[in-house]
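Peer 1: What follows is a single structure, and I will ask about it in a moment.
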Amino acid sequence: MNELVAPFILALTAFPALGIAFWVGREGSPLSRNQAVHWALIALCLFCGAAGLYWAGSISTRVYAVVGVLFVAVNALAASMLLRLHRAHRMRK
């Protein structure tokens, strides 16, 4: 039972990212669609991370591997989104 708590909580944290993706993407501009895709990919990473934590169970090396990959994936997507926003802001000037 305790092995299900962390994956469940991680999966729950993906739903706000999906909500942000739908909210941002409703505008229809290319920049907002790009942001929506980034948020949806972050949610997908969180869902995959939850599945990975469920797979890892109580084996600590697997848990560390899943958390490390999740950390890198989510931060890479966030950095990509911020870089895209910076480029769009610079192009407007």
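The values are calculated or read from the model by the stated rules, or taken from the named source; none is laboratory data. What you see is a predicted model; the values in this text were computed from it and never measured. Note that we place each Cβ from the backbone using ideal geometry, even for glycine, and neighbour counts take in every protein chain shown.
Peer 1: Just one of 24, 5 is over 11 Å from residue 81 (Cβ atoms) and among the aliphatic types (A, V, I, L, M); which is it? Spell out the reasoning first.
Peer 2: Values: 24 fails: over 11 Å from residue 81 (Cβ atoms).
The conditions single out 5.
Residues are listed down the side, and each one gets a yes or a no for (1) at pLDDT 95 or above; (2) loosely packed, with under 14 Cβ neighbours inside 10 Å:
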| position | (1), (2) |
| --- | --- |
| 46 | yes, no |
| 59 | no, yes |
| 65 | yes, yes |
| 69 | yes, no |
| 72 | yes, yes |
| 87 | no, yes |
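Peer 1: Do we find that residue 78 is in contact with a Phe, Trp or Tyr (Cβ under 6 Å, 6 or more places away or on another chain) and either free of Cβ contacts under 8 Å to residues at least 40 places away in the same chain or surrounded by 12 or more Cβ atoms within 10 Å (Cβ to Cβ) (or both) in this structure? Steps first, answer last, please.
Peer 2: Numbers: in contact with a Phe, Trp or Tyr (Cβ under 6 Å, 6 or more places away or on another chain): no; either free of Cβ contacts under 8 Å to residues at least 40 places away in the same chain or surrounded by 12 or more Cβ atoms within 10 Å (Cβ to Cβ) (or both): yes.
In short, no.
Peer 1: Evaluate the following for residue 34: is it part of a helix (DSSP H, G or I), of a type in the set (S, T, N, Q) and without any contact (Cβ under 8 Å) to a residue 40 or more places away in the chain? Steps first, please.
Peer 2: Working: part of a helix (DSSP H, G or I): yes; of a type in the set (S, T, N, Q): yes; without any contact (Cβ under 8 Å) to a residue 40 or more places away in the chain: no.
Taking the combined requirement at face value, the residue does not satisfy it.
Peer 1: May I pose another question? Restricting the stretch 19-31 to residues that are part of a loop (DSSP other than H, G, I, E, B) and not charged (D, E, K, R), which is surrounded by the fewest Cβ atoms within 10 Å (Cβ to Cβ)?
Peer 2: Kept after step one, since they are part of a loop (DSSP other than H, G, I, E, B), are these residues of the stretch 19-31: 26-29.
Restricting the remaining residues to those that are not charged (D, E, K, R) gives 28-29.
Numbers: 28: 8, 29: 10.
For the stretch 19-31, the residue satisfying everything is 28.
Peer 1: Being surrounded by fewer than 18 Cβ atoms within 10 Å (Cβ to Cβ) and either among the β-branched types (Val, Ile, Thr) or over 14 Å from the mean Cα position of the chain (by Cα) (or both) is the filter here, so list the residues in the stretch 35-44 that pass it.
Peer 2: Selection gives 37 alone.
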